[in-house]
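Step one of this worksheet: look at the structure below.
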Amino acid sequence: MTTRTSSTPSEADHGDPGLDAIMSERRQLINLAYRLLGSLADAEDVVQETYARWYAMSPRQRDGIESPGAWLTKVSGRICLDLLGSARARRESYVGEWVPEPLPDRTEWIGGRSGGAHADPADRVTLDESITMAFLVVLESMTPAERVAFILHDVFRYPFAEVAEVVGRTPAACRQLASSARRRVHASQEFATPKARQADIVRDFKEAWEAKDVEALVGLLDPDATAIGDGGGLVSAALHPVEGGDRIAHGLVHVFDHAASAVTFLERTVNGQPGLVAQQDGVTISVIAFDVAGDRIKRIWAVRNPEKLRPWTTC
């Protein structure tokens with residue numbers, strides 16, 4: 001998990017150590033907000049609003065804040081908590097399934113290792129196990145308070161006394177929230193497949209899909225596998241999860257057969273794990289993440305909503 005680190009002033013030349021110290025918190029805030037909201041665009045909005053509130057204060061008020069980093073974290077956490085509450089209502093009207101926004105990344109994987117220059121999106125989000133699609137999907141099952149308490153304490157290592165200031169509950173209540181969230185995470189975890197093995201399986205899956213080999217696809221999918229597509233009502237995607245390896249395999253080949261033009265699959269890192277990017281005429285039309293358990297693919301998430309894929313055209 002990500003370890004909480006103290007911020008230090010940057011080496012910028014504008015000569016304002018106070019501003020340097022404040023701006024050096026930006027990456028930490030983006031990391032926090034993305035994990036809480038599952039959307040890089042929303043995370044950036046939260047950070048912008050946090051800084052706007054900071055500079056809305058008078059210089060005397062700002063000078064009176066003992067730890068600007070802690071203040072910024074508290075404010076961004078509270079903004080995220082409010083947004084998580086409203087997000088549930090928005091997603092009730094979302095067309096089809098909602099999947100977290102994949103982080104834009106051009107990193108290729110070779111045998112489970114990244115190849116070429118690492119394309120951490122604008123150096124904004126640190127990749128670790130708390131950023132995988134499987135982890136983010138589990139977070140979606142939590143209440144807003146559980147999610148905030150768990151991420152702040154278990155991932156960013158904030159003490160419960162500080163978490164309580166964000167969540168607006170007692171430290172003891174926040175401890176219980178984090179414990180409940182932790183049980184959800186542990187219940188969702190299965191035997192960890194080494195990343196190199198994951199890469200082999202995803203590559204085999206890619207080759208079988210390109211060859212329209214239904215039998216090979218079925219062999220790579222768990223019999224009880226689930227595939228979820230997120231089109232947001234803007235492009236075609238299954239409105240409900242597709243269950244069963246056989247149904248998924250036939251559905252994938254059907255999609256390929258009815259494509260308007262040739263589809264190219266690129267091996268790319270998707271939220272820190274081996275994934276695929278589907279392109280048509282040079283345009284990214286889908287980003288696909290996988291959850292591999294043992295030697296089989298348990299879950300597939302295909303993000304097709306163009307609004308969520310926009311960053312992938314510029315990353």
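Observations
- Available extension along the chain between A52 and R247 is 65.3 nm, counting 0.36 nm per residue and deducting the alpha carbon span.
- Cross-link partners for K195 among the lysines, with Cα-Cα distance under 22 Å and sequence neighbours closer than 8 places in the same chain left out: K206, K298.
- For V292, the amide hydrogen comes within under 5 Å of the amide hydrogens of K298, counting only partners 5 or more places away or on other chains and with H modelled in the peptide plane.
- Furthest towards positive pole of dipole, L136, L221, L103, structure part the chain, Cβ charges: L136
- Probe 1.4 Å - accessible area at D105, Å² to nearest ten: 10
- Folded to 0 to 90 degrees: helix 171-188 orientation relative to the chain principal axis, Cα: 10
- Note that region 202-315 shows a convex hull volume over its alpha carbon atoms of 94 Å³ per residue.
- Coupling constants for region 60-67 follow from the phi torsions by the Karplus curve (6.51 cos²θ - 1.76 cosθ + 1.60, θ = phi - 60°), and in residue order they are 5, 5, 5, 5, x, 8, 5, 10 Hz; glycine and proline get x.
- Accessible area, probe 1.4 Å, largest first, for residues T132, T264: T264, T132
- Placing R0 at 30 angstrom, the Cβ-Cβ distance between Q189 and T313 gives a FRET efficiency of 0.35 after rounding to 0.05.
- Dipole moment magnitude, nearest 20 debye, the chain about Cα centre, only Lys, Arg, Asp, Glu C-beta charged: 840
- FRET efficiency, R88 to V263 (Cβ-Cβ, R0 35 Å, nearest 0.05): 0.55
- Seen against the Cα atoms of the chain and their longest principal axis, helix 68-92 is set at about 40 degrees.
- The residues of the chain expose, per residue, 48 Å² of accessible area to a 1.4 Å probe.
- Choice from L234, L136, L72 showing the highest fluctuation, given a GNM over the chain with Cα pairs closer than 10 Å: L234
- Given +1 at the Cβ of Lys and Arg, -1 at the Cβ of Asp and Glu and no other charges, the dipole of region 251-315 around its Cα centre is 220 debye to the nearest 20.
- Student exercise, region 204-304 dipole from Lys, Arg, Asp, Glu Cβ charges, in Debye to nearest 20: 300
- In region 133-245, taking the dipole from charged Cβ atoms about the Cα centre, the farthest positive-side position among T170, H186, G232 is held by T170.
- Scanning residues 5 or more positions from L103 or on other chains, those with amide H under 5 Å from its amide H are N271, with H placed 1.01 Å from N in the peptide plane.
- Within the accessible area of the chain (1.4 Å probe), percent carbon and sulfur: 51
- Rounded FRET efficiency, nearest 0.05, which uses the C-beta distance separating R106 from I65 and R0 of 45 Å: 0.70
- Average Cα contact separation per residue, the chain, under 8 Å, 6 or more apart, as relative contact order %: 19
- Spatial separation of Cα centroids for region 152-174 and region 286-315, in angstrom: 32
The values are calculated or read from the model by the stated rules, or taken from the named source; none is laboratory data. Note that this is a predicted model, so its numbers are computed, not measured. We place every Cβ from the backbone using ideal geometry, glycine too, and count neighbours over all the protein chains shown. Ligands, DNA and RNA are stripped out before the accessible areas are found, and what is left, the full protein with its side chains, is counted by its heavy atoms. Shrake-Rupley method; radii C 1.70, N 1.55, O 1.52, S 1.80 Å.
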